[in-house]
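The values are calculated or read from the model by the stated rules, or taken from the named source; none is laboratory data. The shown structure was predicted, so the numbers you read here are calculated from the model rather than taken from an experiment. Using ideal geometry, Cβ is built from the backbone for each residue, glycine included, and neighbour counts are taken over all protein chains shown. The area values use the complete protein model at the heavy-atom level, side chains included, leaving out ligands, DNA and RNA. Shrake-Rupley method; radii C 1.70, N 1.55, O 1.52, S 1.80 Å.
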Amino acid sequence: VEKICDLHFAGDSDGAAAHAERLIALNQKISGKLGVAGVKCASDLLGYRGGHVRSPLTMPAPESAGEVAAALREFSFF
């Protein structure tokens, strides 16, 4: 989000919009498929504290965590 703001305030509205579109696509791949659990998993993978989801939700299966990691790599987050 910081990059979007930087681009916008630098006068690069096209660049800001393109970066926003990338984040929307990543969001659809992760939270669109796995919901809150996917976001928490992504946070954990990026070194933040995502933690566990509250009941009745469940954490994603290990193969789903692999999909989250693949999406983060695809969008150059690591």
Top of G11, G66, G50 by mean-square fluctuation, Gaussian network on the chain, Cα under 10 Å
G11
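On average, how much accessible surface per residue is there in the chain, in Å², for a 1.4 Å probe, leaving out ligands, DNA and RNA?
Values: 5370 Å² over 78 residues.
Heavy-atom SASA per residue in the chain reads 69 Å².
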Anisotropy class of the chain from Cα gyration tensor, a/c 1.5 cut
prolate
Could you list which residues have their amide H under 5 Å from that of V53, counting only those 5 or more apart in sequence or on another chain, with H placed in the peptide plane?
M59
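Using a 1.4 angstrom probe on the protein heavy atoms only, could you order F9, F78 from most to least accessible area?
Details: F9 170, F78 110 Å².
Result, largest first: F9, F78.
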The chain - mean residue ellipticity at 222 nm from DSSP helices (-39,500 (n - 2.57) per run, n ≥ 4, rounded to 500)
-23500 deg cm²/dmol
Cβ under 12 Å from A69's Cβ, A69 left aside: what net charge do those residues give with Lys, Arg +1 and Asp, Glu -1?
-2
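I'd like the carbon and sulfur percentage of the solvent accessible area for the chain, probe radius 1.4 Å, heavy atoms only, ligands and nucleic acids excluded.
Values: 3080 of 5370 Å².
That share works out to 57 percent.
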Counting only trypsin sites (Lys or Arg not before Pro) that are in a DSSP loop and have at most 13 other C-beta atoms within 10 Å, tell me the longest site-free stretch of the chain.
1-48
